[in-house]
Amino acid sequence: MKKEDYGKISIEHFARQLHVNVIAETKDFIVSKSPNDLREHAFDLDHPHILDGIAFVFCVKGNAKVRINLTEHHVCQNTVLIAVPNSIVQILEQSDDLKVEFLFFTFDFISNIRLSTQLGYIVKAVEEQACLHLNDDSFGNLLDVHKLIVKQYQKQHVAYREEVIKNLLYALIYQILQLYASSMDSTTKAQNRNEDIHMRFMALLFENYRTERSVRFYADKLFLTPKHFAKVIKETSGKPVLEWIDEMVIMAAKALLKSSDMTVGQIAFELEFANASFFGSYFRKRVGMTPLQYREK
């Protein structure tokens, strides 16, 4: 299959792939009909891609190593992976037998069923833990709801079909919230103050890396002195603050270079650099090649 160039992974792009094993009847929601091989899709996920929606991915077979933003995750059978809008996703490794089911939707799709607070909690939880490794029963319960959604879509000209689908999705989100709540209970107790600072920094970095690249900005947000903040991050993660910031910016730049037809100047503007020349120098210093050389590699 010829790979197409997309700036983001969006529902619209999935909908164009009518031959792929998915249901895409609305502009704001898409669901797999049966286990998918990710290589069937017109996204070269060996390179970073920016996600334009909320994704629930259920690994039913095989395994993979996935990077979401700057964190690597091991995905195996019975893993649920959740990614929120504007996450930068890349598959680092995957087994030949990898099969997944998924749901992909926008906030707009469920805006009328009062989920804003709960989704806000999920976004915060995902920043700390994007993967849930479940037992057979818990994983099977989630897949059962997924199957009910597919069955509803396969019914034609049935009253209240979309309302039923939205409420099944509502139930699925609450099931995932339950799993997160029980998972967080055990991990939060073991988390010390420095680890908490590191996780809060990563959440802030995800929200602000396009516009804020100074140690002082993140230290101020966490009510710490820059010196103490820098020391905590280095001791907790093994990397300096500026290295984390650079990695996040470079990850976004690589995603845009490999998965869009934006010019270098447009990418510089998107990432709020002063000009294309400054962005080029910044990229070359950290990657060892110019943006165009990386794109053509």
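Got a sec? Which strands (runs of 3 or more DSSP E) wholly within the stretch 24-63 have at least 1 residues that are over 12 Å from the mean Cα position of the chain (by Cα) and surrounded by fewer than 19 Cβ atoms within 10 Å (Cβ to Cβ)? In the stretch 24-63, 54-61 are the strands (runs of 3 or more DSSP E) which contain 1 or more residues that are over 12 Å from the mean Cα position of the chain (by Cα) and surrounded by fewer than 19 Cβ atoms within 10 Å (Cβ to Cβ). Residue count for the stretch 219-246, restricted to those that are out of contact with any Pro (no Cβ under 6 Å at 6 or more places or on another chain) and without any contact (Cβ under 8 Å) to a residue 24 or more places away in the chain: 13.
Within the option set 153, 160, 180, 218, being at pLDDT below 85 and aromatic (Phe, Trp, Tyr) holds for one residue only, 180. Does residue 251 satisfy the condition of being within 18 Å of residue 69 (Cα to Cα) and either touching a residue at least 24 places away in the same chain (Cβ under 8 Å) or in a loop (DSSP other than H, G, I, E, B) (or both)? Criteria met by residue 251.
Taking (1) of a type in the set (D, E, K, R); (2) within 27 Å of residue 247 (Cα to Cα); (3) at pLDDT below 90 in turn, residue 2 satisfies each apart from (2). In the set (1) surrounded by 18 or more Cβ atoms within 10 Å (Cβ to Cβ); (2) of a type outside the set (A, V, I, L, M); (3) not in a loop (DSSP other than H, G, I, E, B), residue 273 fails one condition alone, (3).
Can you confirm whether residue 278 is among the hydrophobic types (A, V, I, L, M, F, W, C), assigned to a helix (DSSP H, G or I), within 21 Å of residue 207 (Cβ to Cβ) and without any contact (Cβ under 8 Å) to a residue 12 or more places away in the chain? Spelling it out, it is not the case that residue 278 is among the hydrophobic types (A, V, I, L, M, F, W, C), assigned to a helix (DSSP H, G or I), within 21 Å of residue 207 (Cβ to Cβ) and without any contact (Cβ under 8 Å) to a residue 12 or more places away in the chain.
When residue 102 is tested against (1) at negative phi; (2) at pLDDT below 90, just one condition goes unmet, and that condition is (2). Any residue at all in the stretch 206-215 that's basic (Lys, Arg) and surrounded by 12 or more Cβ atoms within 10 Å (Cβ to Cβ)? Checked against the condition, which is being basic (Lys, Arg) and surrounded by 12 or more Cβ atoms within 10 Å (Cβ to Cβ), the stretch 206-215 yields at least one hit. Looking only at residues in the stretch 64-99 that are outside any strand (DSSP E or B) and at pLDDT 90 or above, the one that is nearest to residue 141 (Cα to Cα) is 78. Restricting attention to the stretch 221-237, does a residue exist that is modelled with pLDDT of 95 or more and among the hydroxyl-bearing types (Ser, Thr, Tyr)? There is at least one residue in the stretch 221-237 that is modelled with pLDDT of 95 or more and among the hydroxyl-bearing types (Ser, Thr, Tyr).
Pick from the stretch 195-243 the residues that are hydroxyl-bearing (Ser, Thr, Tyr) and not in a helix (DSSP H, G or I): which of them is farthest from residue 68 (Cα to Cα)? Of everything passing the filter in the stretch 195-243, 225 is farthest from residue 68 (Cα to Cα).
For the stretch 254-270, name all the residues that are touching a helix residue (DSSP H, G or I) at 6+ places or on another chain (Cβ under 6 Å) and assigned to a helix (DSSP H, G or I). Within the stretch 254-270, 256, 257, 264, 265, 267, 268 meet the criteria.
The values are calculated or read from the model by the stated rules, or taken from the named source; none is laboratory data. For clarity, every value in this text was computed on a predicted model and none was experimentally measured. All Cβ positions, even for glycine, are placed from backbone atoms using ideal geometry, and neighbour counts span all protein chains on display.
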